[in-house]
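Student: Take a look at this one; I'll ask things after.
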Ligand code: EPU
């Protein structure tokens, strides 16, 4: 089967950006996980479409395709995983601003770049500051803070849907419920390729920069951008103080329960878990909703510790924690 896949990759110009038996611990931000059959980075849209079309039409198992961004909130299982990991490359790493105040971006654009480049033009996405990964990953996982999701700012996205017998490109227009806390439900297996943000009249943007100048008779006094950059710096500082930055982790493990006002971190902390270890995995001393790889963890350690937490919270607090991280191969 691998030879067949290699041929399809070769025919579509993707062999050079493919790895076989790829070590997932090199990719995942928690640095654990086994090896996947194949890891492909698609730099060109037309090559990606042709490759997927051919892969599906030849009856290859569509379920084994696993889209990834920077793998900052995925736990890959240990051992050999029959996945074809698919990452979007150069042509999907763009960020465009037009005169009407629309922002369009590719899935592979880094969130950190997005926050800074939009701030330079007067758009306030400071609530996303300090979150790692790509825009595609952020939209798929509805990244954000405890009460604001990136998807509340998105107008629509383009996706490639992988269907039983072929692929389909379509657009999904977001509505109010799409922007809700950590919630995005899309049909079947899909790749987010492009993200279009709401009109700038909903966001301050360049108009606000100009307005700031006009209101002062054209004399430049205060720039809205200074406030946005200040907020970005503050948010990053708060995150560094409250969260275990620069450790091997995959972000918050569980979603905050939406029916109560107490965060998952506080609940887990209340069960006495800070510093609790299982194998090479440990609950962060800084924030109890983070599990850290102390150096020699395998994914099973992380998973087992997360399950111990989930069951303890269920028994002690009668609360059902829901995973926020994605798990692949479990
Ligand atoms: N708290 C504790 N103990 C802890 C952790 C938190 O008592 O171990 C308390 C804090 O003192 C605070 C409250 O719980 O009073 C809320 O904590 P925090 O401000 O850290 O926010 P959070 O609800 O735990 C959410 C997101 C984070 C996001 C932060 C800041 C979720 C699951 N988590 O955390 O997102 O960075 O707000 O905006 O929604 C992520 O999604 O991966 C993530 C890290």
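Student: Given (1) surrounded by fewer than 20 Cβ atoms within 10 Å (Cβ to Cβ); (2) under 12 Å from the mean Cα position of the chain (by Cα); (3) free of Cβ contacts under 8 Å to residues at least 24 places away in the same chain, identify the lone condition not met by residue 177.
Tutor: With respect to (1) surrounded by fewer than 20 Cβ atoms within 10 Å (Cβ to Cβ); (2) under 12 Å from the mean Cα position of the chain (by Cα); (3) free of Cβ contacts under 8 Å to residues at least 24 places away in the same chain, residue 177 is out only on (2).
Student: Right, next: May I ask you to list pairs of residues, at least six apart or on different chains, whose Cβ atoms are under 6 Å apart, with the first in the range 126-142 being on the phi < 0 side of the Ramachandran plot and the second being within 10 Å of the ligand (Cβ to nearest atom) and part of a helix (DSSP H, G or I)?
Tutor: 126/235; 129/235
Student: Same structure again: Could we say that residue 26 is more than 13 Å from residue 85 (Cα to Cα) and in contact (Cβ under 8 Å) with a residue 12 or more places away in the chain here?
Tutor: Values: more than 13 Å from residue 85 (Cα to Cα): yes; in contact (Cβ under 8 Å) with a residue 12 or more places away in the chain: no.
In short, no.
Student: All but one of (1) modelled with pLDDT of 95 or more; (2) assigned to a loop (DSSP other than H, G, I, E, B); (3) within 8 Å of the ligand (Cβ to nearest atom) hold for residue 266, so report the exception by its number.
Tutor: (2)
The values are calculated or read from the model by the stated rules, or taken from the named source; none is laboratory data. This structure is a prediction, so every number in the text was calculated from the model and none was measured. For neighbour counting, all protein chains shown are included, and Cβ atoms are generated from backbone atoms with ideal geometry for every residue, glycine included.
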